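To keep things clear, I will list the structure first and then write my remarks on it.
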Amino acid sequence: MTTHIPRQPRPKNQELPPLESGDRLTRFEFERRYAAAPHIKKAELIEGIVYVASPLRFTPHAEPHSRLVTWLGTYAAFTPRTLSGIEPTIRLDIDNEPQPDIILILDEAVGGKARLTEDGYLEGVPELVVEIAASSAAIDTGSKKQAYRRNQIFEYIVLQ
């Protein structure tokens, strides 16, 4: 006969290692540590590796980001059943949880491949992903591009 020993709940924010660039984690552990680190504004899990973003400069990131958001937001506003989003967390697969700069998705009713989860995140594949690669070009055109390709993201734009 096997005796079941209940797990003791872990106190929030205690006993958790900090979330740091270079950590190799599953998506579930990444989410747990990210939730326990409210001081981190943007972190991504790409191919099982954590990337914590550094602060953004006005140029070459914030200004082109604004122009692209205006362009794609206008497109979405005038295209029925299309939504745009800025830096959403996307649960792609077990090793990838990126926060792309901008996305476009189609409503599931018209064939969209992404869906909103009960806890407010996107799961699945956006129809368009846009990254502004000011300081992240190696990641955006390397491992992130591979993850997007493997997950069959149809359109991927990297602005350098």
Please figure out what share of the DSSP beta bridges in the chain is antiparallel and state it in percent, rounded to the nearest 5.
75 percent
Built amide H within the under 5 Å cut-off of Ile46, gap 5+
Tyr51, Glu97
Directionally averaged shadow of the range 95-160, computed from the convex hull of its alpha-carbon atoms, nm²:
4.7 nm²
Can you sort Ile102, Ile49, Ile94 so the residue with the fewest Cβ neighbours within 10 Å comes first?
Ile94, Ile49, Ile102
Give the long-range amide H neighbours of Arg91: residues separated by 5 or more places, or on another chain, with amide H under 5 Å away, using H modelled in the peptide plane at 1.01 Å from N.
Leu122, Glu123, Gly124
Nothing charged except the Cβ atoms of Lys and Arg (+1) and of Asp and Glu (-1): what's the magnitude of the dipole of the chain about its Cα centre? Round to the nearest 20 debye.
200 debye
So what's the back-of-envelope 222 nm ellipticity for the chain, counting only DSSP H runs of four-plus at -39500 (n - 2.57) apiece and dividing by all residues, rounded to 500?
-6500 deg cm²/dmol
The base-10 log of I(q)/I(0) that the Debye equation returns for the range 26-117 at q = 0.15, 0.16, 0.18, 0.23 Å⁻¹, one scatterer per C-alpha, is -0.71, -0.79, -0.95, -1.17
As I understand it, the dipole of the chain uses +1 on the Cβ of Lys and Arg and -1 on the Cβ of Asp and Glu, about the Cα centre. Which of Tyr156, Phe28, Ala134 lies farthest toward its positive end?
Phe28
Here are a few candidate values for semi-axes √(5λ) of the Cα gyration tensor in Å: (1) 38, 21, 13; (2) 29, 15, 13; (3) 30, 20, 14. Which one was actually calculated from the structure I just gave you?
(3)
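Laboratory data are not the source of any read-out in this text; all were calculated from the coordinates shown. Bear in mind the structure is a predicted one, so any value in this text is a computation, not a measurement. For neighbour counting, all protein chains shown are included, and Cβ atoms are generated from backbone atoms with ideal geometry for every residue, glycine included.
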